[in-house]
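Novice: First, the structure itself, so that you have it in front of you.
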Amino acid sequence: GYYGHCSFCGTFQEFTRTHSAIRETYRCCECRALLREREQAQALLACFASLQVRTIAELVERTEFRRLNIYEPGTIGAFRRFLKGMPYYQQSDYHPIADRHKATRALPHGDLEALDFADAAFDLVLTSDVLEHVRRPRVAFGQLARVLRRGGYHVFTVPLQDPVAEKT
C-alpha cells in the first residue's frame, strides 16, 4: 500500500491493493475511486490547472468549470458521482439495436462511431475504459474530435494488457 490524497475527494489515507489488476485496486476509502480513475482525474486536473484546485470535488464547484458542456458515455465510475449535478453534463449508454428501447431521456443511446451531437458541442469529453469496446476506434476518435470545441479536452483511459496479446 501507500499513503496519499485522493484526487477526487481529497481524503488522505492509505491506499491498499485488494485486486490482482493494479489499475482496478487501491480504492479510495471515502469516494471509492479506483487507481485508474484517480490517475485520469489527475490528468483532468492538469487540463484545468489555471483554476488552482487539487481535487475533482473542488473543480466541480468552480464557476468556470460549471459552465462547460461535458459529455461522458457510460454508466459507471467515479466521475459520474461528482459530475452528475453539473448543469451541462450529458451521459449516454450504448444499446445494441434489439435493446434501443431501453434508452431513456436521462440516459440516451450513444454510439461513439456515429454521435448525434452537433460539431463543436462540448468543451470536455471523458471516456473511461470505453474505447476498447468500440469496433472502429479510429471512427470514434474522429467523432469525438468533431464534437469537441476548439481547445476542448478528451481525457480518456484504455486498458493495456502487458504483455500485449498476440491477437486482439
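Novice: Counting only heavy atoms of the protein chains, get the accessible area per residue of segment 22-113 (1.4 Å probe) and round it to a whole Å² value.
Specialist: 55
Novice: Within 10 Å, count the other beta carbons around each residue, average over each peptide in 1-8, 37-44, and list them highest first.
Specialist: Listed from highest to lowest mean packing, they are 37-44, 1-8.
Novice: Further, regarding this structure: With the other protein chains left in place, how much accessible area per residue, in square angstrom, belongs to segment 116-160 at a 1.4 angstrom probe?
Specialist: 60
Novice: So what is the calculated 222 nm ellipticity per residue for the chain, using -39500 (n - 2.57) for each DSSP H run with n of 4 or more, over all residues, to the nearest 500 deg cm²/dmol?
Specialist: Mean residue ellipticity at 222 nm (helix-derived): -6000 deg cm²/dmol.
Novice: Find the relative contact order for segment 45-168 and round it to a whole percent, using C-alpha pairs within less than 8 Å whose residues are 6+ positions apart.
Specialist: Reported relative contact order: 22 percent.
Novice: A follow-up question, please. If you average the C-alpha positions of segment 103-158 and of segment 85-102 separately, how far apart do those two centres end up, in angstrom?
Specialist: Segment 103-158 and segment 85-102 have Cα centres spaced 12 Å from each other.
Novice: Now a separate question. Tell me, which cysteines of the chain are without a disulfide-compatible partner by the Cβ under 4.7 Å rule?
Specialist: 29, 47
Novice: Right, next: Could you check what % of the DSSP bridge pairs in the chain are antiparallel, to the nearest 5?
Specialist: Antiparallel: roughly 25 percent of the beta bridges in the chain.
Novice: Another question, if that's okay. Per the 1.4 Å probe, what fraction of the accessible area of the chain, in percent, lies on carbon and sulfur atoms?
Specialist: Reported share for carbon and sulfur atoms: 51 percent.
Novice: In addition: Just subtract the alpha-carbon distance of residue 64 and residue 98 from 0.36 nm times their residue separation and send over the number in nm, one decimal.
Specialist: 8.2 nm
The values are calculated or read from the model by the stated rules, or taken from the named source; none is laboratory data. Predicted, not measured: the structure shown is a model, and the values here were computed from it. Here Cβ is always computed from backbone atoms with ideal geometry, including for glycine, and neighbour counts include all displayed protein chains. To get the accessible areas, we keep the full protein, side chains included, count just its heavy atoms, and leave off ligands, DNA and RNA. Shrake-Rupley method; radii C 1.70, N 1.55, O 1.52, S 1.80 Å.
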